[in-house]
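Before any comments, here is the structure.
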Amino acid sequence: MTHYDAIIVGGGPAGSTCAWQMVKQGMEVMVLDKAAFPRDKVCAGWITPAVVDALQLDIEEYGQEHVLQQISSFRTGLIDGNDVETHYPDTVSYGIRRFELDNYLLQRSGAQLVLDSPLQSLERSGKNWVVNKEYTAPLVIGAGGHFCPVARSMGAELGADEHAITAKETEIKMSVFQQLDCRVNGEMPELYFCQDLMGYGWCFRKGEYLNIGLGREGGHGLTGHLEHFCDFLKRHDRIPQDIPDKFHGHAYLLHGHSKRKHLDDGMLLVGDAAGLAYPQSGEGIRPAVESALMAVETIIEANECYGREQLYPYTRRLLERFGAVNSHREVAPDAMRMYFARALLGNRWFTRHVVLDRWFLHTRQGSLHAS
Ligand SMILES: Cc1cc2nc3c(=O)[nH]c(=O)nc-3n(C[C@H](O)[C@H](O)[C@H](O)COP(=O)(O)OP(=O)(O)OC[C@H]3O[C@@H](n4cnc5c(N)ncnc54)[C@H](O)[C@@H]3O)c2cc1C
């Protein structure tokens, strides 16, 4: 048996941020991930400056060897409706490839990596957890994303009674001809809301890569909505006509819709495992990174006593940062949604100050800083 101070299940942004911070504090940490890295992750790959700050990413250095698209404008509107361009004087977001960023963060963490190895067993033995009958630690952090097995062991009924966002995405490397045909500008990603406002589609260009996808509350009719969205983009000549139609799907929970517990004796959940994505935009990388920072702060304060009581400040920190957990939000009747959608999404002031600044960029919420 190999003993660690903590074992982290999942090496996405939540897991690698935990590992990075704990190693910095002198802890012996292992990250277990079922995938061999670098690995693809279904994602649009949009990160806000708060993520860059929290991760202490040196943008210039990172951009030398990885795709890093600066974003300073947006084209937004309704699918089959009008659109509006919003321009900012500076960079307000970045486009990255998860294939690259996740691997970079995981390698940077300095933790012991056990990759290509799923969690197969998790048992209690005295004050320790025994993972895969091979590794022991007094603390296990569940960072395995939406289907995290640690969340399941804490009672989450994955998929059963959960009001998830379902989304499909494709990221392709465009040929030279496709790049010439693609009218989407890298600095200006395009976001188009579904007519019923239950989701939105996006079209992001990051250099020679094009990322297209659509996410909606609940899974009903996702494929049809996505096909309709792609037709819309093609009819308006936004994307090349010969874009492959092979999309990958995934689900995740929005904060406020998730009933998952965040902790138990000797266990914490971070990122998608805890169901923390922002409700309006579905942005999940920032909550993944920030929850990891708050988890590590709590772990250090707990001073090697990892009972529920000692870990409780983590839940308090999450609530202070992301707000109270409500049950499902009331859904306005279809006719009312459509009326507001048409009226407001064509309005420049509303688009800039509410849709973009408040819902997507969270400009009012300052960055959380790593130690
Ligand atoms: C289509 C789509 C588009 C999105 N676009 C954006 C976006 O542009 N910006 C944004 O901020 N958010 C976006 N999100 C949300 C974002 O992808 C997630 O919130 C984010 O990846 C959460 O990070 P995480 O570290 O918690 O989990 P993940 O990134 O999912 O990482 C979990 C890790 O756990 C590993 N794992 C899973 N099961 C096991 C197991 N049994 N054993 C061992 N390891 C395991 C996985 O291999 C994976 O590496 C999008 C989501 C979707 C579905």
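The values are calculated or read from the model by the stated rules, or taken from the named source; none is laboratory data. In this text, all values refer to a predicted model and were calculated from it rather than measured experimentally. Please note: Cβ atoms are built from the backbone with ideal geometry, for glycine as well, and neighbour counts cover all protein chains shown. Only protein heavy atoms, including side chains, enter the accessible area calculation; ligands, DNA and RNA are left aside. Shrake-Rupley method; radii C 1.70, N 1.55, O 1.52, S 1.80 Å.
Quick notes on this one:
- Nearest-0.05 FRET efficiency for His66 and Lys246, computed from C-beta distance (R0 25 Å): 0.55
- Probe 1.4 Å - accessible area at His66, Å² to nearest ten: 50
- The chain - accessible surface per residue (Å², probe 1.4 Å): 44
- Magnitude of the charge dipole for the chain, about its Cα centre and with charges confined to Cβ atoms of Lys, Arg (+1) and Asp, Glu (-1), is about 520 debye.
- For the chain, the mean residue ellipticity at 222 nm estimated from helices alone is -8500 deg cm²/dmol, where every DSSP H run of n ≥ 4 contributes -39500 (n - 2.57) and the total is divided by all residues, rounded to the nearest 500.
- Solvent-accessible ranking of Tyr192, Tyr200, largest area first, probe 1.4 Å: Tyr200, Tyr192
- With Cα atoms, 0 to 90° folded angle of helix 285-302 axis to the chain main axis: 20
- Cross-link pairs Lys34/Lys127; Lys173/Lys246; Lys41/Lys173 - those with Cα-Cα distance over 23 Å: Lys34/Lys127
- Between the Cα long axis of helix 98-108 and the first principal axis of the chain there is an angle of about 30°, rounded to the nearest 10.
- Portion, in percent, of the accessible area of the chain that falls on carbon or sulfur, probe 1.4 Å: 49
- Over 33 Å [Cα-Cα, the chain], rounded percent: 29
- Average Cα contact separation per residue, the chain, under 8 Å, 6 or more apart, as relative contact order %: 22
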